[in-house]
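Data first, discussion second: the structure below is written as C-alpha cells.
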Amino acid sequence: MMPRHLTILLTLSLISVSAHGQSRIVKLNGGLEAEILTLGRDTLGYNLTTSLRISNKGKSTAYLLLIGNPVATDNTGGVFNNVDNLSGIASCRNVDYGLCIGAPKVVEGLTVPLQGYTQIDPDVEITINLRLNGSGSKGPLVSLSANVAYRLVSDSLKDETLSDLDKRKQLKLMSLSFPATSVTEAK
C-alpha cells in the first residue's frame, strides 16, 4: 500500500476536477451512500484516478472491506483494473472473497482481521482515493464497480460480546457500481 501523502500527490497530478455535476449518489445497503467526487485520466489514457465518498446515513455502524480490484470501463471498451494506489478504505486484493473474510476459516496472512476493516459511524463519511492503470483508452464516459464486504452493527455493547467467528458470520457482500460518468482529461 502506498503512503497516503503519495496517493494524494498522484491524484492531484492528474488535475482531475469534479465530473461537472454528473455524479450521482448511489444508495447502498444499510443506509450507506456512495458518490464519485472526482474522475480524471492522464494525457496518454493509461491511468485513471478517482475520489469517492461513502457516507453513512443509516443508524448502524458499518465496517467495510474492499474485495479484489475495482474495475473501470469506458464507453469505447477501455478497461482499467490494475490498482496502482488506494487509500481511505481497508482492502483485500485477493479475489477470493472467502479468503479475505475468513470463510469458512481464517487463513493466516490472507484473511483480513476484523479490526482492520474501515469503520464508518452514523453521520460520518470517508473519502477513498484510487488510481487504476489500464488499456490506454480515452472514451469520454467511465463506469466504475467494486465489491465490498460489510457488516452493520446497531448495538456496539452486544457486538463486543460476540466472538470473531460470530462477527464473520454477519459479513455480507455488496456491489458498489457507478453509472457512466464524464472523465476529466489532464492537460
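For the range 75-91, taking the residues that are part of a strand (DSSP E or B) and among the hydroxyl-bearing types (Ser, Thr, Tyr), the one that is nearest to Leu130 (Cα to Cα) is identified as Ser87.
Table: residues versus (1) outside any loop (DSSP other than H, G, I, E, B); (2) loosely packed, with under 14 Cβ neighbours inside 10 Å.
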{"site": "Cys100", "(1), (2)": "yes, no"}
{"site": "Ala103", "(1), (2)": "no, no"}
{"site": "Thr111", "(1), (2)": "no, no"}
{"site": "Gln115", "(1), (2)": "yes, yes"}
{"site": "Arg131", "(1), (2)": "yes, no"}
{"site": "Gly136", "(1), (2)": "no, yes"}
{"site": "Ser143", "(1), (2)": "yes, no"}
{"site": "Val148", "(1), (2)": "yes, no"}
{"site": "Leu157", "(1), (2)": "yes, yes"}
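For the residues Thr49, Thr43, Thr73, Thr38, the requirement of being at pLDDT 90 or above, among the β-branched types (Val, Ile, Thr) and loosely packed, with under 15 Cβ neighbours inside 10 Å singles out Thr43.
Listed by first and then second residue, the pairs linking a residue in the range 35-53 that is touching a residue at least 24 places away in the same chain (Cβ under 8 Å) to a residue that is surrounded by fewer than 18 Cβ atoms within 10 Å (Cβ to Cβ) and of a type in the set (Lys, Arg), with Cβ atoms under 9 Å apart and 6 or more places separating them unless they lie on different chains, are Ile36/Arg24; Ile36/Arg53; Leu37/Arg53; Arg41/Lys138; Thr43/Lys187; Leu44/Lys138; Gly45/Lys138. Residue-level analysis places Ala90 among those that are in contact with a strand residue (DSSP E or B) (Cβ under 9 Å, 6 or more places away or on another chain), among the hydrophobic types (A, V, I, L, M, F, W, C), without any contact (Cβ under 8 Å) to a residue 40 or more places away in the chain and closer than 30 Å to Ala186 by Cβ.
Only residues that are under 30 Å from Thr43 (Cβ atoms) and of a type outside the set (A, V, I, L, M) were counted in the range 93-141, giving 12.
For first residues located in the range 152-175 and in contact (Cβ under 8 Å) with a residue 12 or more places away in the chain and farther than 15 Å from Ile101 by Cα, partners that are acidic (Asp, Glu) and surrounded by 13 or more Cβ atoms within 10 Å (Cβ to Cβ) and lie 6+ apart or on another chain with Cβ distances below 8 Å form the pairs Val153/Asp159. In the range 142-160, is there at least one residue being out of contact with any Leu (no Cβ under 7 Å at 6 or more places or on another chain) and within 15 Å of Gly40 (Cα to Cα)? Taking every residue of the range 142-160 in turn, at least one turns out to be out of contact with any Leu (no Cβ under 7 Å at 6 or more places or on another chain) and within 15 Å of Gly40 (Cα to Cα).
The values are calculated or read from the model by the stated rules, or taken from the named source; none is laboratory data. Fair warning: this is a prediction, and the values are worked out from it, not measured in the lab. Backbone-built Cβ (ideal geometry, glycine too); neighbour counts: all protein chains shown.
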